[in-house]
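Chemist: My questions all concern the structure below.
The values are calculated or read from the model by the stated rules, or taken from the named source; none is laboratory data. No experiment lies behind these values; they were computed from the predicted model shown. Please note: Cβ atoms are built from the backbone with ideal geometry, for glycine as well, and neighbour counts cover all protein chains shown. Heavy atoms of the whole protein, side chains included, go into the accessibility calculation; ligands, DNA and RNA do not. Shrake-Rupley method; radii C 1.70, N 1.55, O 1.52, S 1.80 Å.
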Amino acid sequence: MKVCRLRLLSRVASVALALFVAGAAMNTRAQQIVPGSMDVHWNPGAPDCQTDTQPPLQVHQYEPQTFILRQNLCLSAEGNFLFLLIGDQKALLIDTGAIADAAKMPVAKTVLGLLPQRGDAKLPLLVVHTHGHTDHRDGDPQFAGLANVQVAPFDLDGVKNFFGFAAWPEGQAQIDLGGRVVDVLPSPGHHRAHVVFYDQRTGLLLTGDFFLPGRLLVEDKAADLVSAARVIDFVKTRPVTWVLGTHVEVNRNWQLYDLGASYHPDEHVLQLTKDDLLTLPATLAAFNGFYTTAGHLTVMDQNRVLGALAIAALVILILLIWGLWRLWRRMRRKPAVSA
Ligand SMILES: [Zn+2]
């Protein structure tokens, strides 16, 4: 009897020890997160862009080695956010934005200016993309041919090969910047080659157009649902400081701005939370495949909505031509009757 109790006691003790070790490990991981600041007021664009005096790129230093850049809404109504993460050996730029012309939008010059010096040269830079839509990669040519700069591909085969995704969209990849590791997760649905980045240094989850405060454009609902489950499974065991997408399209009350609006008064903050992200599967499940508003989020299939608008415009045009033709015939008949 005494032996049994001793065994039981030792089993309880070992379970308690295991729980303590696991808790300590999680705490250590959480403690390693470098804090940053989202205390920033993003420029709102302007009701009259002719009089706009805001800089083409607004730069916010989240913490000494992390920068968030936003493109002026007057120069591109997409108002893309770009992210620059600096490691010991390499820096990582996520997306190059919507404008190719360096004179108009000096992305490369600004980013290189933020890089620390290493001897005679700047820290090497790797440029990657959340996905291949043009507003996330039109700035690529500004980096072409620059010393110590590598630009990763954005098409699906290129992304698979570059990150080594043998069983896309399964698996994960990692980018080692030296003392700073960034996880890469396949997340097709908005775009077939979309990826999400998780920065282990800051705990920032960079979600591109997959998840953001605005319209969630979905081109493949089934793929997006699987991606949502994958990303949520990943963040379950990791600290997430903020979830940062690449656009803001709503005001503080989650009301959408018009498509193409170059003025965002009273704009919603960029940062969302892990809890916000956890609502995504239910929102996507409610999506009717065309246009759905669920909770704060609006989900739409841009191709279908544009297709429906095109058909509606065509029908209106046909009716207009038919009406004019009838009118013309009636007017031609009139003189014959009076004669
Ligand atoms: Zn996109």
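Chemist: In region 76-164, which trypsin sites (Lys or Arg not before Pro) fall in coil by DSSP and have 13 or fewer other Cβ atoms within 10 Å?
Modeler: Sparse-neighbourhood loop trypsin sites (Lys or Arg not before Pro): K104.
Chemist: What dipole magnitude, in Debye to the nearest 20, does region 241-339 give about its Cα centre under +1 on Lys/Arg Cβ and -1 on Asp/Glu Cβ?
Modeler: 1360 debye
Chemist: Which of A77, A286, A193 ends up with the largest GNM mean-square fluctuation for the chain, with Cα atoms connected below 10 Å?
Modeler: Comparing A77, A286, A193 in a Gaussian network model of the chain, the most mobile one is A286.
Chemist: Roughly how large, in nm² to one decimal, is the mean projection of the convex hull of the alpha-carbon atoms in region 29-90?
Modeler: That works out to 5.6 nm².
Chemist: May I pose another question? Compare R192, R230, R304 in a GNM of the chain, Cα atoms joined below 10 Å, and give the one with the largest fluctuation.
Modeler: Among R192, R230, R304, the largest GNM mean-square fluctuation belongs to R304.
Chemist: Right, next: For the pair A222/D276, report the inter-label distance in nm, with labels modelled 7 Å from Cα in the Cβ direction.
Modeler: Spacing of the two 7 Å Cα→Cβ label points: 3.0 nm.
Chemist: Evaluate the charge dipole of region 49-300 about its Cα centre and quote only its size in Debye, nearest 20, assuming +1 on the Cβ of each Lys and Arg and -1 on the Cβ of each Asp and Glu.
Modeler: 460 debye
Chemist: May I ask you to give the average projected area over all directions of the convex hull of the Cα atoms of region 49-300, in nm² rounded to one decimal?
Modeler: Taking a quarter of the hull surface, the average projection is 13.3 nm².
Chemist: Placing +1 on the Cβ of each Lys and Arg and -1 on the Cβ of each Asp and Glu in region 49-300, which of G97, G179, V269 has its Cα farthest towards the positive end of the resulting dipole?
Modeler: It is G179, whose Cα lies furthest towards the positive end.
Chemist: Specify which residue in the list L123, T279, L319 is farthest towards the positive end of the charge dipole of the chain, using unit charges on the beta carbon of Lys, Arg (+1) and Asp, Glu (-1), about the Cα centre.
Modeler: L319
Chemist: Taking every pair of Cα atoms in region 115-229, average 1/r, invert it to obtain the Kirkwood radius, and report Rg/Rh to two decimals.
Modeler: 0.98
Chemist: How long is the gain from T134 to R238 if the chain were fully straight, where each residue apart is worth 0.36 nm and the alpha carbon distance is subtracted?
Modeler: Going from the current span to full extension adds 34.3 nm.
Chemist: Averaged per residue, what accessible surface does region 49-300 expose to a 1.4 Å probe, in Å²? The partial results should precede the final answer.
Modeler: Values: 9890 Å² over 252 residues.
Here the per-residue accessible area is 39 Å².
Chemist: Taking the Cα centre of region 67-172 as origin, sum charge times position over the Cβ atoms of Lys and Arg (+1) and Asp and Glu (-1), and report the length of that vector in debye to the nearest 20. Please report the intermediate quantities before stating the final value.
Modeler: Values: 8 positive and 11 negative charges, 72 e Å.
Computed about the Cα centre, the dipole is about 340 debye.
Chemist: Calculate for the chain the 222 nm mean residue ellipticity that helices alone would give, adding -39,500 (n - 2.57) per DSSP H run of length 4 or more and normalising by residue count, nearest 500 deg cm²/dmol.
Modeler: The per-residue figure over the chain is -11000 deg cm²/dmol.
Chemist: Okay, next question. When the accessible area of region 49-300 is computed with all protein chains present and a 1.4 Å probe, what percentage of it is carbon and sulfur?
Modeler: On the way: 5020 of 9890 Å².
Answer for region 49-300: carbon and sulfur cover 51 percent of the accessible area.
Chemist: Could I ask something else about it? Report, in whole Å, the centroid distance computed from the Cα atoms of region 139-182 and region 225-293.
Modeler: After rounding, the separation between the Cα centres reads 24 Å.
Chemist: Take every DSSP beta bridge with both residues inside region 65-192 and express the antiparallel ones as a percent of the total, to the nearest 5.
Modeler: Details: 15 of 22 bridges.
Once the DSSP bridges in region 65-192 are tallied, antiparallel ones form about 70 percent.
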